[in-house]
Amino acid sequence: MTKNFDLLIKGGTVVNHDSTGARDVGILDGRIAGVGSFDADVAGEVIDATGLHVLPGVIDTQVHFREPGLDSKEDLESGSRGAVMGGVTAVFEMPNTKPPTTDVPAIEDKLRRAHGRMHCDHAFYVGGTEENADDLPELEQLPGVCGVKVFMGSSTGTLLVAGDEGVGKILSRIRRRAAFHSEDEYRLRERRALAELGKVETHAVWRDVETAVSCTRRLLALAKEAGALIHVLHISTRDELPLLQAHRDIATVEVLPQHLTLSAPDCYDRLGTFAQQNPPLRTAEHREGLWAAVQSGLVDVIGSDHAPHTFEEKSATYPKSPSGMPGVQTMLPLMLDHVAAGRLSLERLVDLTSHGANRVFGIAGKGRLALGYDADITIVDLKAKRTITNDWIETKSGWTPFDGMEVTGWPKGTIIRGQKVMWEDELVAPSLGEPMRFHSTLRG
Ligand code: DOR
């Protein structure tokens, strides 16, 4: 008998743009070829998804996989292994590597390194600097590039464009939406002495609310003036939200699971420097403000900002300790736990992890569970009660700030272009990740 599908995901509850309901998903040649009710015998292979939810593949639009140059923290293989174990089907990787990803050879090098080693699909940000501003229109068009990333405040690495002139120059040249780390470098320099030796809780005093707010205000004005589209990464304060709300024509918004889950002072008391991150974890009032923005639709995407450093590096005395925490593998379990606790609907989660990335970045053929799209699918068990542990974490850095946390909801399987890559916590395919394509650069 002729088979209509290579693979059929049968008996699950599909969550997509349409609704949540009992539907089977048929896959042919790596694409979604049917959503409906199908007999098992029309497919070469059948996954029994009874009792499970079938989501469009989770896309993490902010990870730092550290290769090249910082491979003791992470590399493209280990980082993407963590991604698929956590139900993530595609990632956008950040340019603050060594050397930074700021020219054609550096981008080509990352794509070469990714080939045959990355477990999930991928795209790379090109770092924007004052020096390469004139080259960015060409760089942002390269295959495998998801856009330009600009650090307005210094964080890990050397990338920095502190002033209005540099940011304005970049915005006036580029065509695609650019992503921004929005913390005001001048204020950070003025206030550096407020970061007290051995007191990591002063991280959020030094890098205070105004540091984020004043930078986002400047950035929005510059983008408006240039007529440019911006994506403001990891919003950490409730005070930035009205500003962003007033600029929805040009600005899209990301928040991180850690800013939605942890808060000061408790996170610093419990985790010390392991809770150190830029922009910082702040008080519960800010966390609740971010939740309101998730619920109201102001937030477009959830990204993990997976930013691993080794245990030894993180154990240094503050402020010598580096900022950042792993997160690509825990993003979905944490967010499913928030769904279980009633903080957001499963439909809104899918909007944030898949539809949002598709909409914000114009990813070609990804981010929707719909006919003709790549068969990138994340299958989850909403009822599973599991404990997140360091043992489960694939990152080279070997730790998670969520070690010991019990969650309800867990990724059961990761399917990428029709290939089962993770099933029940096991990696079940060789590394087959491919570069993503984007609407604005399909012509090359
Ligand atoms: O805490 C952070 N760590 N924030 C960033 O923006 C960069 C990241 C890193 O690369 O370590």
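The values are calculated or read from the model by the stated rules, or taken from the named source; none is laboratory data. Predicted model only: the values in this text are computed from it and were never measured. Every residue, glycine as well, gets a Cβ built from its backbone with ideal geometry; the counts of neighbours run over all protein chains shown.
Residues that are touching a helix residue (DSSP H, G or I) at 6+ places or on another chain (Cβ under 8 Å) and touching a residue at least 40 places away in the same chain (Cβ under 8 Å) within segment 169-194 comprise ILE170, LEU171, SER172, ARG173, ILE174, ARG175, ARG176, ARG177, ALA178, PHE180, SER182, GLU183, listed in sequence order. Inclusion of LEU197 among residues that are in contact (Cβ under 8 Å) with a residue 40 or more places away in the chain, more than 15 Å from the ligand (Cβ to nearest atom) and either in a helix (DSSP H, G or I) or crowded, with 20+ Cβ neighbours inside 10 Å (or both) is not warranted. Looking across segment 296-342, just one residue is acidic (Asp, Glu) and free of Cβ contacts under 8 Å to residues at least 12 places away in the same chain, and that is GLU312. Would you pick out the residues in segment 150-168 that are surrounded by fewer than 16 Cβ atoms within 10 Å (Cβ to Cβ), without any contact (Cβ under 8 Å) to a residue 40 or more places away in the chain and part of a loop (DSSP other than H, G, I, E, B)? Passing the criteria: only GLY163.
Checking the structure you have, find out if any residue of segment 213-236 is within 13 Å of ASN278 (Cβ to Cβ), in contact with a helix residue (DSSP H, G or I) (Cβ under 6 Å, 6 or more places away or on another chain) and assigned to a loop (DSSP other than H, G, I, E, B). Within segment 213-236 (the criterion being within 13 Å of ASN278 (Cβ to Cβ), in contact with a helix residue (DSSP H, G or I) (Cβ under 6 Å, 6 or more places away or on another chain) and assigned to a loop (DSSP other than H, G, I, E, B)), the answer is yes, since at least one residue qualifies. Restricted to segment 147-168, and to residues there that are of a type in the set (A, V, I, L, M, F, W, C) and within 11 Å of THR101 (Cβ to Cβ), the residue that is farthest from the ligand (Cβ to nearest atom) is VAL148. Can you name the condition, by its number, that THR158 falls short on among (1) among the β-branched types (Val, Ile, Thr); (2) at pLDDT below 95; (3) under 26 Å from LYS366 (Cβ atoms)? With (1) among the β-branched types (Val, Ile, Thr); (2) at pLDDT below 95; (3) under 26 Å from LYS366 (Cβ atoms) applied to THR158, the lone miss is (3).
Scanning segment 373-404 for residues that are free of Cβ contacts under 8 Å to residues at least 60 places away in the same chain, in contact with a helix residue (DSSP H, G or I) (Cβ under 8 Å, 6 or more places away or on another chain) and not basic (Lys, Arg) yields ILE388, ASP403. When segment 71-112 is filtered for residues that are surrounded by fewer than 24 Cβ atoms within 10 Å (Cβ to Cβ), within 16 Å of the ligand (Cβ to nearest atom) and farther than 23 Å from PHE151 by Cβ, only SER78 remains. Which of (1) in a loop (DSSP other than H, G, I, E, B); (2) away from the ligand (no atom under 16 Å from the Cβ) is the odd one out, the single condition SER304 does not satisfy? Against the list (1) in a loop (DSSP other than H, G, I, E, B); (2) away from the ligand (no atom under 16 Å from the Cβ), SER304 comes up short only on (2). Per the listing MET94, MET118, the residue uniquely within 17 Å of LYS396 (Cβ to Cβ) and out of contact with any strand residue (DSSP E or B) (no Cβ under 6 Å at 6 or more places or on another chain) is MET118. When you check SER431 against the structure, is it part of a loop (DSSP other than H, G, I, E, B), small (Gly, Ala, Ser), surrounded by 22 or more Cβ atoms within 10 Å (Cβ to Cβ) and touching a residue at least 12 places away in the same chain (Cβ under 8 Å), yes or no? Considered against the rule, which asks whether it is part of a loop (DSSP other than H, G, I, E, B), small (Gly, Ala, Ser), surrounded by 22 or more Cβ atoms within 10 Å (Cβ to Cβ) and touching a residue at least 12 places away in the same chain (Cβ under 8 Å), SER431 comes out as no.
Filtering segment 132-149 for residues that are assigned to a loop (DSSP other than H, G, I, E, B), farther than 25 Å from VAL58 by Cα and not β-branched (Val, Ile, Thr) leaves a non-empty set. Checked against the criterion of being more than 14 Å from the ligand (Cβ to nearest atom), closer than 27 Å to GLN329 by Cβ and in contact (Cβ under 8 Å) with a residue 40 or more places away in the chain, the candidates LEU290, LEU219, LEU281 yield just one match: LEU290. Out of LEU229, LEU233, LEU262, one residue alone is within 16 Å of the ligand (Cβ to nearest atom), at pLDDT 95 or above and either in contact with an Asp or Glu (Cβ under 7 Å, 6 or more places away or on another chain) or over 30 Å from PHE402 (Cβ atoms) (or both). It is LEU233. Among the residues making up segment 328-369, those that are polar (S, T, N, Q), part of a loop (DSSP other than H, G, I, E, B) and touching a Gly at 6+ places or on another chain (Cβ under 7 Å) are GLN329, THR330.
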